[in-house]
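Notes follow once the structure below has been shown.
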Amino acid sequence: MKHNKRTIRIGTRPSPLALRQAIEIHELLKVHHADFSAETIAIDTVGDKDKKTPLTRVDGSDFFTREIDEALIGGDIDCAVHSAKDLPLHIPQGLTIAAITKGIDNRDALVIRGQRLPRNARIGTSSARRTAEITRIGKDFRAFDIRGTIGERLALLDANVIDGLIVASAAMIRLGLTKRIYRYLDITTSPLQGRLAILVRSDRSDSAARFAAIDDRKNWGTVALVGSGPGAGDLITVRGMRRLAEADVVFHDELGTGEVLNMFPEKQMIYVGKRGRRSSIAQEDIHRAMIDAAYAGKKTVRLKGGDPFIFGRGGEEIEALRSARVDYEIVPGITSALAAASYAEVPLTMRGHSSSVLFATGRSNEGINVPKPDAAGTLVYYMAVETTRTIGHDLVAAGWRGETPVAVVTNASMRTQNVSQGNLAELADGKMHADSPALIIIGTTAGMMPHEGWFARRKNILMTGTNPGRYAHLGEIIHTPLIELVDPASYRNLDAAIRRLDTYDHLIFTSAHAVDFLFRRLSSLGGDVRRCAHIEIASVGAVTAEALMRHGIKPDITPTRASAAGLIDVFTERHVRGKRILIPRSNLAYDELPRTLKRMGNHVDAVIAYRNRMPPHPRTIDLAGINAIIFTSPSCARNFLKVYRRIPSHMEIMVLGDTTKKAIGRHYGTITIIP
């Protein structure tokens, strides 16, 4: 039978709710395609015919969609309309989701007979999820398995077969039955509840385009599962950093040092982590939080320690995103086993010694994997702090030699990393202690670790200023900034100086920050570096000179001694007098330089280009294990003493320039000036 091409044949189930949903789709389409009409074709599904099979057995299947989708594949209908939550996890081959509509109400509702529920009330439901929530509604309530249309379920309630009924409020709204709702329930619902899904054939792009206007997915965000690595902030991948930079919201685990989070202070960070057996939030609630953020249009990052798919519950989270039809991406991370092996110098594989690796969990409730003895294999146990003795005992009992080398690595890749060596017999006897988080590496190569490896020899250096990457070659940089650089309270004086740039003979920069703030302001006022073409430019030192070079300017003057005194020496040697000099600087800058230049007979304008202040909530760390501190400015040193009270005597002090050295000299003895 031929049909009008402008008539859309909508396939759906025969229940009153399904038929109303088909009408809803038709009405939505008419808003955008007034010349189309619709014909609803009711198709019985196995779920409509079989009202005895518990839905707990068919969750995620095509129980309510199969026959409709088969009709779509066969060309008997043009689209299939389903409750979005009823979609099978895997859409049939040859079909595609053309649209998921905006939801009308995601809540569940309780319908009762009369004004109150009796004790031991029988609550009708067919959902495993709702059954699990019954006791949250009433401690003595009992779940009563029922099936059928909304009307058939209400009939059971009215016939006193059940005392109450849990139903999707969206269904009651669509059927005009909201007056029967006793109250709305604060329980977990399917993320897609209340939404409708439209399926079309994959080879009919015209059909898919027809529904684009009512597809709410165009307003959704995405989720990136990002592995942050084992703890050290610089072990996250480039792609992981990119996704964090793009994110609107980040749901993060317990992440070692927290360095990665500190790189993005402006982001909305929500802690959802676990440590050992303690958790801040249920796993299902994490799933829902990610999904709701994506539905709200946010670019969402789920930041996980190590790699998402190695004991990271990433698989569970991806399943939740798939079922919610949220677009996602997986960004792998360096798993703790790889970091522990590299930072402790324990090869996981090595020709002639180990040709295989087994990763296993040490959680006893999940069953500890005890493989057969393998002299050519390496075992790595995660989450094994509470079961170290059990692991050692079970392996020896399984035939592993008691002399098999063992390395226990705690806080892999972090400055607090600790490595202990022993053997299986000692592990079984409780002689090898491990603090969380720790990994146990077992095998021949665990005995090859040097007494002091490359990581143990590196200095742990506390960096209190900005630009920590510049000093990475000196050791392991722990960046906890004690200064914060912000715009001046008023731009009046700086703007006036910029407007007078043509009148200055010299422009002196005493910090790289002054360079960046001045030229940023110059650009915002419509100017660029050409305004400085006639001016002789001086840089206090190499770091400031590099900042000028980034703006395309090679300084005319850079003293050998990186300090205000060094600049004074140069200007004195040149007999600079009667000149107009501009010095953009911070609010904390010393007056020695402008005061001396004025005494030499020059006109000097020292204007505030930026403010240097202590962060409102400076992050502090345990200084144990820190070998050295870098102070890049006097304010860094002053703020350190405010926060920590004193400088531990065992530390090496490195400073940038004479000015900073003088500022801290009375507090400490030996100080090294770094370029």
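For segment 258-297, a residue qualifies if it is over 15 Å from the mean Cα position of the chain (by Cα), modelled with pLDDT of 95 or more and not in a loop (DSSP other than H, G, I, E, B), and the qualifying residues are Arg288, Asp292, Tyr295. A single member of Ile334, Ile391, Ile318 is in contact (Cβ under 8 Å) with a residue 40 or more places away in the chain, out of contact with any Cys (no Cβ under 9 Å at 6 or more places or on another chain) and farther than 29 Å from Met449 by Cα, and it is Ile318. Restricting attention to segment 111-155, the residues being touching a residue at least 12 places away in the same chain (Cβ under 8 Å), over 21 Å from Ser15 (Cβ atoms), not charged (D, E, K, R) and not in a helix (DSSP H, G or I) number 9. Which of the following residues is outside the structural domain of Gly258 (by TED's automatic domain parsing), at pLDDT 90 or above, surrounded by fewer than 21 Cβ atoms within 10 Å (Cβ to Cβ) and in contact with a Gly (Cβ under 9 Å, 6 or more places away or on another chain): Pro405, Pro371? Step by step, each of Pro405, Pro371 is checked, and only Pro405 is outside the structural domain of Gly258 (by TED's automatic domain parsing), at pLDDT 90 or above, surrounded by fewer than 21 Cβ atoms within 10 Å (Cβ to Cβ) and in contact with a Gly (Cβ under 9 Å, 6 or more places away or on another chain). When we screen Arg183, Arg242 for residues that are among the charged types (D, E, K, R) and either assigned to a loop (DSSP other than H, G, I, E, B) or free of Cβ contacts under 8 Å to residues at least 12 places away in the same chain (or both), the only hit is Arg242.
Has segment 217-231 got any residue that is part of a helix (DSSP H, G or I), of a type in the set (A, V, I, L, M), over 30 Å from Val111 (Cβ atoms) and touching a helix residue (DSSP H, G or I) at 6+ places or on another chain (Cβ under 8 Å)? No, every residue in segment 217-231 fails to be part of a helix (DSSP H, G or I), of a type in the set (A, V, I, L, M), over 30 Å from Val111 (Cβ atoms) and touching a helix residue (DSSP H, G or I) at 6+ places or on another chain (Cβ under 8 Å).
Is it the case, given these coordinates, that Leu427 is closer than 15 Å to Glu386 by Cα and either surrounded by fewer than 22 Cβ atoms within 10 Å (Cβ to Cβ) or without any contact (Cβ under 8 Å) to a residue 60 or more places away in the chain (or both)? Yes: the conditions hold for Leu427.
Is it true that some residue in segment 204-214 is of a type in the set (Asp, Glu), part of a helix (DSSP H, G or I), more than 24 Å from Ala320 (Cβ to Cβ) and not assigned by TED's automatic domain parsing to the domain that holds Tyr328?
yes
Over 36 Å from the mean Cα position of the chain (by Cα), surrounded by 19 or more Cβ atoms within 10 Å (Cβ to Cβ), touching a residue at least 40 places away in the same chain (Cβ under 8 Å) and not assigned by TED's automatic domain parsing to the domain that holds Ala168: is that true of Ile73 in this structure? In short, no. Put simply, of Thr222, Thr178 the only residue that is at pLDDT 95 or above, of a type in the set (Ser, Thr, Tyr) and either closer than 22 Å to Gly114 by Cβ or buried (at least 21 other Cβ atoms within 10 Å of the Cβ) (or both) is Thr178.
Filter segment 105-139 for residues that are hydroxyl-bearing (Ser, Thr, Tyr) and exposed (fewer than 15 other Cβ atoms within 10 Å of the Cβ) and give the result. Working first, answer last.
Residues of segment 105-139 hydroxyl-bearing (Ser, Thr, Tyr): 125-127, 131, 135.
The answer is Thr135, and nothing else.
Of all residue pairs spaced 6 or more apart or on separate chains, none has beta-carbon atoms under 7 Å together with a first member in segment 156-169 that is surrounded by fewer than 20 Cβ atoms within 10 Å (Cβ to Cβ) and a second member that is assigned to a helix (DSSP H, G or I). Please pick out the residue among Arg574, Arg520, Arg619, Arg531 that is out of contact with any strand residue (DSSP E or B) (no Cβ under 8 Å at 6 or more places or on another chain) and under 16 Å from Tyr504 (Cα atoms). Exactly one of Arg574, Arg520, Arg619, Arg531 is out of contact with any strand residue (DSSP E or B) (no Cβ under 8 Å at 6 or more places or on another chain) and under 16 Å from Tyr504 (Cα atoms), namely Arg531. Val331 meets the conditions (1) touching a Lys or Arg at 6+ places or on another chain (Cβ under 9 Å); (2) within 30 Å of Val419 (Cβ to Cβ); (3) surrounded by fewer than 18 Cβ atoms within 10 Å (Cβ to Cβ); (4) among the β-branched types (Val, Ile, Thr) in every case but one. The failed one is (3).
The values are calculated or read from the model by the stated rules, or taken from the named source; none is laboratory data. Please read all numbers here as calculations on a predicted model, not as lab measurements. Every residue, glycine as well, gets a Cβ built from its backbone with ideal geometry; the counts of neighbours run over all protein chains shown.
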